[in-house]
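Working notes, beginning with the structure itself.
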Amino acid sequence: MDVIVRENYNEMSKYAAKLIAELVKSKPNCVLGLATGSTPIGTYKELIGMHKEGLDFSSVKTFNLDEYLGVGIDLKKPYNQDQSYARFMYEELFKHVNIKKENTHVPDGLAIEPEKHCQWYEEEIKRAGGIDLQLLGIGGDGHWAFNEPGSSLSSRTRVEALNKQTLDDNYESFYKKAGIKKEEMPHFAITMGIGTILESRHALMIANGKKKAEVVAKALEGAITSQITSSAIQLHPGKTTVVLDEEAAAKLKNIEHYKHVEGLKEEYKL
Ligand code: PGA
């Protein structure tokens, strides 16, 4: 696992975007796993900037990690009333780059038979050849996607109930601003499973800010446990990169080791 620490949010975002762009350039028809939340917005802004300079998304396929259940894209509604992750992706990335709509996938929050839709989503990822690079945030409760504490570390795409901390965090970040009452927030979501995420060839986790420092340290250096589902990063068999700002890295014990490894890899161009 490579742990990269950058001075601030902008530098973290630039580093993550550079890794994604390198993949898009070397494999123009790559499959990206994408994430929502406040953390990846800067990474998407960087990618949009790179697209203006020629980065080509025309053959890229994407699969998003999750979507609230009971919320789907409704372009007739103003953005601040539609809190769907499909809408988020459209606003924060898709509409700014030359990605084909049919190549983008977000679980359908309005699926009539959600469990069947989850199976279809898994099959669709397989048909696309699997995920080359999965971008991941980390929730305040340590979740990856909406794999809340107690989710099996081999779980697949399914419907999951959101826990209280996630509801509180997402209310503060998104719903409050939109004037939506807390009780009106969706309480369930469709989420890729931890098992699904672990099959990605490259897992790229990003985190910033003081609020994440403790949970990041637990996930990276603590016990592997279904109580902190992102601790499954320690089991990821493929390439694994964690990019943090200094605040989010503040509670890591092995920080000197990570810096040493980064220095060596730069020196030997690995
Ligand atoms: P955030 O959410 O980026 O809004 O902090 C991260 C997550 O829940 O994965």
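With both residues required to sit in the chain, DSSP beta bridges show an antiparallel share near 30%.
For the stretch 100-148, what does the alpha-carbon gyration tensor say about shape, rounded, prolate or oblate, given a ≥ b ≥ c as the root eigenvalues, a/c under 1.5 as rounded, and a/b over b/c as prolate? Verdict is oblate for the stretch 100-148.
Residues whose amide H falls under 5 Å from that of Ile228, counting only those 5 or more places apart or on a different chain, are Gly150, with hydrogens built in the peptide plane.
Per-residue Karplus couplings for the stretch 36-41, computed as 6.51 cos²θ - 1.76 cosθ + 1.60 with θ equal to phi - 60°, are listed in order as 10, x, 6, 4, x, 4 Hz, Gly and Pro entered as x. The convex hull drawn around the Cα atoms of the stretch 1-55, when projected onto a plane and averaged over every direction, covers 4.3 nm².
The share of accessible area on the chain that comes from carbon and sulfur is 52 percent, using a 1.4 angstrom probe.
Going by a ≥ b ≥ c, the root eigenvalues of the Cα gyration tensor, does the chain fall in the rounded group (a/c under 1.5), the prolate group (a/b larger than b/c) or the oblate group? It is rounded, given that a/c, with a ≥ b ≥ c, falls under 1.5. Computed 3J(HN,Hα) for the stretch 231-244, one whole-Hz value per residue from the Karplus formula 6.51 cos²θ - 1.76 cosθ + 1.60 where θ = phi - 60°, is 5, 4, 4, 5, 9, 5, x, x, 5, 9, 10, 10, 10, 10, glycine and proline marked x.
Karplus-derived 3J(HN,Hα) values for the stretch 88-101, using 6.51 cos²θ - 1.76 cosθ + 1.60 with θ = phi - 60°, are 4, 5, 4, 6, 8, 9, 4, 6, 9, 10, 8, 7, 7, 3 Hz; glycine and proline are entered as x. Think of a 1.4 Å ball rolled over the protein heavy atoms: the chain then has 47 Å² of accessible area per residue.
Amide H contacts of Leu34 (H built 1.01 Å from N, in plane; Pro and chain starts excluded): Phe63, Asn64, Leu65, Leu135 sit under 5 Å, all sequence-distant by 5 or more or on other chains.
Overall form of the stretch 112-259: oblate. Here a/c, set by the Cα gyration tensor axes a ≥ b ≥ c, is 1.5 or more, and a/b is not larger than b/c. A cut-off of 5 Å between modelled amide H atoms, ignoring neighbours fewer than 5 places along the same chain, links Val243 with Ile4, Met205, Ile206, Ala207. Computed about its Cα centre, the charge dipole of the stretch 2-267 is approximately 300 debye, with only Lys, Arg, Asp and Glu carrying charge at their Cβ.
The values are calculated or read from the model by the stated rules, or taken from the named source; none is laboratory data. Values in this document were obtained by computation on a predicted structure and should not be read as measured data. Every residue, glycine as well, gets a Cβ built from its backbone with ideal geometry; the counts of neighbours run over all protein chains shown. Ligands, DNA and RNA are stripped out before the accessible areas are found, and what is left, the full protein with its side chains, is counted by its heavy atoms. Shrake-Rupley method; radii C 1.70, N 1.55, O 1.52, S 1.80 Å.
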